[in-house]
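Beneath this line is the structure, given in structure tokens, with notes to follow.
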Amino acid sequence: MKLDSKIPSGPMAEKWSRHKQDSKLINPKNKRKYSIIVVGSGLAGAAAAASLSELGYKVKCFCFQDSPRRAHSIAAQGGINAAKNYQNDGDSVHRLFYDTVKGGDFRAREANVHRLAEVSVNIIDQCVAQGVPFAREYGGGLANRSFGGAQVSRTFYARGQTGQQLLLGAYSALSKEIARGGVEMHTRTEMLDLVVADGETKGIITRNLVTGKVEAHAADTVLLCTGGYGNVFFLSTNAMGCNVTATWRAHRRGATFANPCYTQIHPTCIPVSGDYQSKLTLMSESLRNDGRVWVPKKAEDCGKPASQIPEADRDYFLERKYPSFGNLAPRDISSRAAKEACDDGRGVGPGGRGVYLDFSEAINEFGENVIKERYGNLFDMYERITGESAYKQPMRIYPAVHYTMGGLWVDYNLMSNLSGLHVLGEANFSDHGANRLGASALMQGLADGYFVIPTTVANYLVTQKPGAVTTAHPAFKEALEAANGRINQLLNVKGKRTVDSFHRELGLLVWDKCGMGRNRAGLEEALRRIPEIRAEFWENVLVPGSGSVANPELEKAGRVADFMEFAELLCRDALDREESCGGHFREEHQFPDGEAKRDDENFCYVSAYEYSGDLSKPILHKEPLTFEEVHLTLRSYK
Amino acid sequence: MALLNLHLKVWRQTGTQPGHFQDIEAPEIPDHASFLEMMDIVNERLIRAGQDPVAFDHDCREGICGMCSMTINGMAHGPERGTTTCQLHMRKFRTGDTIWVEPFRARAFPVVKDLMVDRSAFDRIMKAGGYVSVRTGAAPEANEIPVGKEIADAAMDAAACIGCGACVASCKNASAMLYVSAKAGQLNTLPQGHAEKDRRTLAMVRQMDAEGFGNCTNQYECEAACPKEISVRWIAKLNRDYAVASVKELVGAGRQQSQAGE
Ligand SMILES: Cc1cc2nc3c(=O)[nH]c(=O)nc-3n(C[C@H](O)[C@H](O)[C@H](O)COP(=O)(O)OP(=O)(O)OC[C@H]3O[C@@H](n4cnc5c(N)ncnc54)[C@H](O)[C@@H]3O)c2cc1C
Ligand code: SF4
Ligand code: FES
């Protein structure tokens, strides 16, 4: 298999406009003949479904929640980047491009990132026109804040609810198109499999989560906008339903999975407090604009209340180690620094797995009301969960799994190696390399959905006769039978352990061996254990009820079964990549001061895995990365 | 961390069949757990005992997606003000408490199973007019639409609605006015939403009525139950916007008629 990234020729800054020029057009009358399946209604899916319907395509959109507005994008707090340079602080498309490539530790495709930076400005225009209530200055112009990994202020925000507001904007556009009849919306419907007919992706198999009915849907192309796989770790900041099922099933049907080991651990989350816990809660990165991160210098001070530790005995470790970025050092770096401090015995709170995020200085300087206006909802959330007030004492935070840079491999048109399958948003691998900068995922989801796919999808569709394949094709029958068979298999194990107990066991193992720090021995152990847990799952899982009614346990069981398979690929990729880059930190590969040691000579490529039929033997394909604009350098934030 | 011993009375129902309360003992619940984590523990025990776990909706567990929806001790989202079910923590209860857990009840929200209800009526109200008709790519430069900070802040107050339906569940008339007024109010407040203001207001209110939600009789239980503390002032605004739009519609219809007669 050859992975052709289809990067347009020409200078970096002209590639996208040239590609738009060169892309195929379909006249409005013919557009109506083409049908498109969009799986997912988050930023990527809702934006794509609405925009494609506006162009005249017939769209069917699917989500597993009871309303498209509840997709996980709703939970994004902090903001969205755009190179508007409204602050006149020297920002530009080129600088956003540069920051994102560097932030990704030189493991992303330059051309894709440049396009992302270019369309970022259109995204803000679009959202404002829809009525997204971004924060404003008194003069009526848009306000900005700073985010990690950047020295300019380019993040647009709507209080601490930016994702919610952007998603509601996209949902309103989607609602408009549903009303017009351009989009047929299927809520509470989960995709179970992808259908590939004679080498072309032509549909999906779904289960109606209310009636249990398993059905086939055909279209001329399929867009997966199904989000990330962070829940493979069990505990993460992701919503409970986030899953790898759609992308994993596509992988099993032939789509290559790229860089699965690039996972993001967010430095500022509320620490784990007990084994009943179902998820972890993020405290937005924007808090690091005003909060200072520290631990006691002396391990014996850790048990004391923060207020009794004098200034001289505090170690503001980010400011100390990274003076030019300070508390706004990027996520991977800040997370590792927090882990180091705790490994050093200087962590605070129960179990010693926490560091302080302290607002006392900002409260003294600006007053409590200003801090309340900026972060009130986050402080309230913190208090509800921990029972402590961050106005009175520092927050305790610890890193947690948050985002997944890896995903299905796509070319510049956002099409997978599997013909006719397009992948958008967090579900693809394309723009963030080995580490994503804050406020860039919302940007990518909307870029893909509003501005990229409406142009590039035509390049595939023109090669297809509309409606050529229907659900009468034998590939649909085979996939339907397989999906029904799997449901029955899950229900018939009738073992002794609940789905959650397996998910927790798998997640803790992957977090322990393939989380913030990874090493050969640990990864090899994980690769031994995962198939064992998986085997026990299929012998001993207990899924109550039946498949013909609403059955949340059955839904979870299907998702966990896929995580069980995917986890192996994740660890295998982490073992294979003998270097440290971004969120992937191999303990064997570090500088004496503990910084990540990249190996450009041997690993400057995208790892894309093909499913071989044997989970322990994926076939690795390499897409070499070349850097024309941003020179490969040591990524330093000192 | 303390452990609580609780007695639950949980609503069980399958589809359109009549439902009933089931007594479930919930011993040794960590007081740091959230309400939904307590339900997870209960379900884990039910499954292991060979019984049917309690079905409920949830996703983000951060109080933002609007999916969780339980009436706890007769209150939509339970006793803590400004808090969704998923963000309610067990430290608000005491050992020995009896807790009643029911779905969000309303004619327009039929029960799917146990504590899960169908809130698709809210989506249909949005479909009727909850948007600005702007095509992708047809937007002007963002800062060419100046919006005063006070206006943007007010719009954001309304936009904070998570679409959970607690306002409906808490209202004795099962009215959806708080939700609809927040959704329409956000766009009706902003300059971007002005062109379609009348059409939007009429369409959303009419769809709300068609869905079988009750009338608002100014009880204001909705505001007290709303996890995002959306103010009933938005209802007053919607009533004003509706009155203006209706009059314009009448006059407009009259003018059209008289033009037709000329
Ligand atoms: C707590 C939190 C805060 C964040 N804050 C920020 C931030 O401030 N800035 C930023 O840029 N990024 C942030 N992120 C990241 C960002 O929110 C996500 O990466 C982004 O929203 C993903 O969008 P998406 O459209 O790709 O997927 P999602 O929004 O996850 O949507 C996935 C969609 O796919 C559907 N789906 C999934 N699987 C199936 C299936 N099998 N069948 C049918 N439908 C399916 C779901 O129903 C849903 O509609 C944050 C993430 C988290 C967890
Ligand atoms: S107005 Fe409040 S209670 Fe009603 S749906 Fe919105 S957030 Fe929920
Ligand atoms: S689960 Fe999302 S608001 Fe409660």
Shielding score for A:82-91, defined as the mean number of other chain Cβ atoms within 10 Å: 1
Violating pairs (Cα-Cα greater than 30 angstrom) within the set A:Lys321/A:Lys617; A:Lys176/A:Lys465; A:Lys60/A:Lys496; A:Lys29/A:Lys60; A:Lys58/B:Lys183: A:Lys321/A:Lys617; A:Lys60/A:Lys496
Extreme residue, positive dipole direction of the protein assembly as shown, given options A:Thr237, B:Gly63, A:Ala608 (C-beta unit charges): B:Gly63
Accessible area buried, both sides summed, chains A and B with 1.4 Å probe, Å²: 6000
Simple Cβ-charge dipole of the protein assembly as shown, Lys/Arg +1 and Asp/Glu -1, about Cα centre, in debye nearest 20: 1880
Filter on B:Lys172/B:Lys228; A:Lys297/A:Lys339; A:Lys279/A:Lys556; B:Lys197/B:Lys228; A:Lys339/A:Lys372 - keep pairs with C-alpha separation over 22 Å: B:Lys197/B:Lys228; A:Lys339/A:Lys372
In degrees, nearest ten, helix A:552-576 long axis to first principal axis of chain A (Cα): 70
Simple spin-label estimate for A:Ser17 and B:Gln22 in nanometres, 7 Å along Cα-Cβ: 6.4
Reachable lysines, given that their alpha-carbon falls under 26 Å from the alpha-carbon of A:Lys84 and they are not under 8 places away in the same chain: A:Lys15, A:Lys20, A:Lys102, B:Lys149
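Give me the percent of the accessible area of chain A that comes from carbon and sulfur atoms, probe 1.4 Å, all protein chains in place.
C and S atoms contribute 49 percent here.
If you take every residue apart from A:Ser73 with its C-beta less than 14 Å away from the C-beta of A:Ser73, what net charge results, scoring Lys and Arg +1 and Asp and Glu -1?
Within the 14 Å Cβ shell, the charges total -2.
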Number of partner chain Cβ atoms within 10 Å, mean per residue of A:205-211: 1
Partners for A:Lys202 among aspartates and glutamates (Cα-Cα distance below 12 Å; same-chain residues under 8 apart left out): A:Asp193, A:Asp220
Helical segments meeting 18 Å axial Cα length and Kyte-Doolittle -0.5 threshold in chain B (DSSP H): B:35-48, B:233-261
Sites A:Asp4 and A:Glu365 - FRET efficiency at Förster radius 41 Å, r taken between beta-carbons, to 0.05: 0.15
Computed over segment A:265-401: relative contact order in percent, which uses C-alpha pairs under 8 Å that are six or more apart: 35
Straight-distance crosslink candidates among aspartates and glutamates, where the alpha carbon sits under 18 Å from A:Lys597 and sequence neighbours closer than 8 are dropped: A:Asp105, A:Asp332, A:Glu340, A:Asp573, A:Asp576, A:Glu578, A:Glu579, A:Glu587, A:Glu588
Antiparallel DSSP beta bridges within chain A, percent to nearest 5: 70
Computed over chain A, the ratio Rg/Rh where both radii use C-alpha atoms and Rh is Kirkwood: 0.95
Residue-averaged 222 nm ellipticity for chain A, from DSSP H runs of 4+ at -39500 (n - 2.57), nearest 500: -11500 deg cm²/dmol
³J(HN,Hα), Karplus 6.51/-1.76/1.60, whole Hz, each residue of segment A:408-422, x for Gly, Pro: 5, 5, 9, 8, 4, 7, 6, 9, 6, 5, 7, 4, x, 9, 10
Between segment A:1-51 and segment A:300-339, the alpha-carbon center distance in angstrom: 45
Selection of chymotrypsin sites (Phe, Trp or Tyr not before Pro), segment B:196-262, meeting DSSP coil and at most 16 other Cβ within 10 Å: B:Tyr220
For segment A:12-155, the spread of Cα positions along each principal axis, largest first, Å: 48, 37, 32
Percent RCO, i.e. relative contact order, over chain A, from Cα pairs under 8 Å lying at least 6 residues apart: 20
Globularity index of segment A:339-447, i.e. its alpha-carbon radius of gyration over 2.2 N^0.38 Å: 1.51
Whole-Hz couplings from phi, Karplus 6.51/-1.76/1.60, listed for segment A:622-638; x for Gly and Pro: 10, 9, x, 9, 10, 10, 9, 9, 9, 7, 4, 9, 5, 7, 10, 10, 7
Segment B:183-262-segment B:1-36 distance, computed between alpha-carbon centres (Å): 40
Contour excess over end-to-end distance, with Cα ends at A:Glu383 and A:Asp344 and 0.36 nm allotted per residue: 11.2 nm
DSSP bridge pairs, segment B:3-112: antiparallel proportion in percent, nearest 5: 80
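Counting other Cβ atoms within 10 Å, keep those with at most 16, restrict to DSSP loop, and tell me which chymotrypsin sites (Phe, Trp or Tyr not before Pro) in segment A:126-160 are left.
Within segment A:126-160, the qualifying chymotrypsin sites (Phe, Trp or Tyr not before Pro) (loop, at most 16 other Cβ atoms within 10 Å) are A:Tyr138.
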Net charge of Cβ neighbours under 12 Å - reference A:Phe134; Lys, Arg +1; Asp, Glu -1: +2
Between 0 and 90°, nearest 10: helix A:162-180 axis offset from chain A longest Cα axis: 20
Given charges at Cβ of Lys, Arg, Asp, Glu: segment A:242-323 dipole, positive-most of A:Pro260, A:Gln277, A:Pro323: A:Pro260
Tensor-based shape of segment A:265-401 (alpha-carbon gyration tensor, a/c under 1.5 rounded, otherwise prolate or oblate): rounded
Between 0 and 90°, nearest 10: helix A:331-343 axis offset from chain A longest Cα axis: 50
Accessible surface, segment A:383-525, averaged per residue in Å² (probe 1.4 Å): 31
Positions from segment A:222-246 whose accessible area shrinks by 20 Å² or more when the full protein complex is built, not the chain alone, probe 1.4 Å: A:Ala239, A:Met240
Kirkwood Rh in Å, taken over segment B:3-112 so that all alpha-carbon pairs contribute: 14.3
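The values are calculated or read from the model by the stated rules, or taken from the named source; none is laboratory data. A quick note: this is a predicted structure, and the numbers were derived from the prediction, not measured. As a convention, Cβ positions derive from the backbone with ideal geometry for all residues, glycine included, and neighbour counts pool all protein chains shown. Ligands, DNA and RNA are excluded from the accessible area calculation, which covers all protein heavy atoms including side chains. Shrake-Rupley method; radii C 1.70, N 1.55, O 1.52, S 1.80 Å.
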